[in-house]
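All of the numbers you see were taken from the coordinates with simple rules; none came from a lab. Values in this document were obtained by computation on a predicted structure and should not be read as measured data. Here the Cβ positions follow ideal geometry from the backbone for every residue, glycine too, while neighbour counts run over all protein chains shown.
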Amino acid sequence: MYDYAEAASAFPEFGIVPIIFSFAIGIFMIITMWKIFVKAGKPGWACLIPDHSIVLIFDIVGRPGWWWFLLLIPIVNIIILIIVIFDFAKAFGKGVGFGFGLLLLGIIFYPILAFGSAEYIGGKE
């Protein structure tokens, strides 16, 4: 039988510090998404509800809510997420370069979007 306590003690360097760091990043990203939702005229608390927040993100970028179901299809979901990320940048008046930033360095670019001077100009026309 597998002894989880023994496995945990085998890696003492993976202690409380990474857990606290991950928790802090998670809280920071929740605050960031809350601020982005408020900028887009949506209720901030909606970022805490997983499926609902995805549908609202589709609304923010001007895509239909039924695209949520496309996220259930392998490979297609990656394409949809990339489209939505670039539309997200456009919805806040940012260009393709910022879209690449959101895609590759989201932990830096989403806070720039939330706490910077970017204003919500609307989703895809």
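Structure data summary
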{"quantity": "Span-like helix ranges in the chain, DSSP H, alpha carbon extent 20 angstrom or more, Kyte mean at least 1.6", "calculated": "16-39, 76-91"}
{"quantity": "Region 60-125, Rg to Rh (Cα coordinates; Rh as Kirkwood inverse mean 1/r)", "calculated": "0.99"}
{"quantity": "Computed magnitude of the charge dipole of region 4-115 (debye, nearest 20; Cβ of K, R +1, Cβ of D, E -1)", "calculated": "520 debye"}
{"quantity": "Cα centroid of region 52-123 to Cα centroid of region 28-45, whole Å", "calculated": "13 Å"}
{"quantity": "The chain - convex hull of alpha carbons, volume per residue in Å³", "calculated": "153 Å³"}
{"quantity": "Residue-averaged [θ]222 nm for the chain, counting only DSSP H segments that reach four residues, each worth -39500 (n - 2.57)", "calculated": "-20000 deg cm²/dmol"}
{"quantity": "Relative contact order, percent, region 4-115 [alpha-carbon distance under 8 Å, six or more residues apart]", "calculated": "20 percent"}
{"quantity": "Loop trypsin sites (Lys or Arg not before Pro), region 83-125 (other Cβ atoms within 10 Å of the site Cβ: 15 or fewer; DSSP)", "calculated": "K124"}
